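One structure is given below, encoded as structure tokens.
The values are calculated or read from the model by the stated rules, or taken from the named source; none is laboratory data. This structure is a prediction, so every number in the text was calculated from the model and none was measured. Quick reminder, even Gly has a Cβ in these numbers, built from the backbone with ideal geometry, and neighbours come from all protein chains shown. Calculation scope for accessible area: heavy atoms of the full protein, side chains included, ligands and nucleic acids excluded. Shrake-Rupley method; radii C 1.70, N 1.55, O 1.52, S 1.80 Å.
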Amino acid sequence: MPQNPIGTPATPATPGAPSTPGPDEAAPALTREALAQAALRVLERDGLAGLSMRKVAAEVGVKAASLYWHVRNKQELLDLLTDAVMGSAEPPPREGDWREQFHAYCWRYRRLLLDNRDAAKVVAGRLAPGPNLLGLMEDQLDRLRAAGFSDADAAMANYLLGAFVQGFVLQEQSPISASEVLGTSRRDIADAAGDLFRALPVETFPNLVDLADDLTEPTMDARFDFGVQRILDGLAALLPPAG
């Protein structure tokens, strides 16, 4: 389910092999795993906007040029970082039916992205099939096929669920308005929007007036669960009728 858009993944740099080695150079004693963990620490401290090759190099105690033995550019560093983020993912137990399992998968994935600074910005839209992501994809596809989904539908469901969670978290973490940036809470902003809707001329905006509470009162948890449940409803329709 932590799947990303279908496309050709970037070819990772071969560990220990520079893109443009000098004649007398030797690769430093630095692993890609150590590099990924250092990038995670920088991300948590400085956010995606503050992530740089220089800062990651400083985190592991080498010159920035040494990183190019392991990643050719910042985009390849983000590939490593994406898989490192997925290293904290914990698949739910195989208890209950497929729907219960993927409901839990979505909630766990959202929590993972919320708990790690700018993680959604790193992973959204990125296909970086490192060992952590590969293991999660294999587990999810196995569950979907075992539930009776066709191969094509299992692959699409894997993509859909991941894309929904990533997109929801990106929206959830974006400022709801200029007022939030200035310090107003989301709840206060939503309440103010509800007051505005209720005060509109009913002859022009009957639906906004009538639905003011329904539009502004639900929590983000409630909105997320509604979306997950409706997606699961749609996927259930793809399964063959019970025999």
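Using a probe of 1.4 Å, the accessible surface attributed to Tyr159 totals some 80 Å² when neighbouring protein chains are kept in position.
Compared with the dominant Cα axis of the chain, that is its longest principal axis, helix 74-86 is turned about 60°. For the chain, the convex hull spanned by the alpha carbon atoms encloses 165 Å³ per residue. Over every Cα atom in region 27-86, the radius of gyration and the widest Cα-Cα span, Dmax, amount to 10.1, 28 Å.
How much accessible area per residue does region 36-137 have, counting only protein heavy atoms and a probe of 1.4 Å, in square angstrom? All intermediate terms of the calculation are to be shown ahead of the outcome.
Values: 4580 Å² over 102 residues.
In whole numbers, region 36-137 has 45 Å² accessible per residue.
The aspartates and glutamates within cross-link reach of Lys55, meaning a Cα-to-Cα straight distance under 14 Å and a gap of 8 or more places when in the same chain, are Glu44, Asp46. The heavy atoms of Lys55 offer some 60 square angstrom of accessible surface to a 1.4 angstrom probe. Cα convex hull, region 98-226: 147 Å³ per residue, rounded to a whole number. Nearest 10 degrees, 0 to 90: what angle lies between the long axis of helix 186-199 and the longest principal axis of the chain (Cα atoms)? Helix 186-199 and the main axis of the chain meet at about 30 degrees.
For region 41-164, pairs of C-alpha atoms spaced more than 25 angstrom apart make up 32 percent of the total.
Considering helices alone, the calculated mean residue ellipticity of the chain at 222 nm is -18000 deg cm²/dmol, with DSSP H runs of length four and up weighted by -39500 (n - 2.57) and normalised per residue. Of the peptides 77-84, 164-171, the ranking by mean beta-carbon count within 10 Å, highest at the top, reads 77-84, 164-171.
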